[in-house]
Amino acid sequence: MTKSNMQLKISNRLHVFRAEHRITQEQLAKEVGVTRATIVAIEGGGYNPSLELAFRLARYFKTDINAIFSVEEENNEQG
């Protein structure tokens, strides 16, 4: 297996942080300067935020990026 067969999978716990802070998707979106649709897409795993947005989210929740986002390698080998 070569490195080219590996793909990074980014997961997040954004919905958990929102629930703990009792904030809506709309409120969070306004606080970090994006649309509610962006927050929905991030929480649903359909969109990975830019590094800048990830830092803004972490800063808003007064935590480290790694507390919200995690990365794991996936084997993308066919056969």
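A short reminder: the numbers here are calculations on the coordinates, not readings from a lab. Nothing here was measured: the structure is a model prediction, and the numbers come from that model.
Quick notes on this structure:
- Helix axis angle, 51-60 relative to the chain longest principal axis, alpha carbon, degrees: 40
- Label corresponding to semi-axes √(5λ) of the Cα gyration tensor in Å when calculated from the structure given, among (i) 19, 13, 12; (ii) 28, 12, 11; (iii) 32, 13, 8: (ii)
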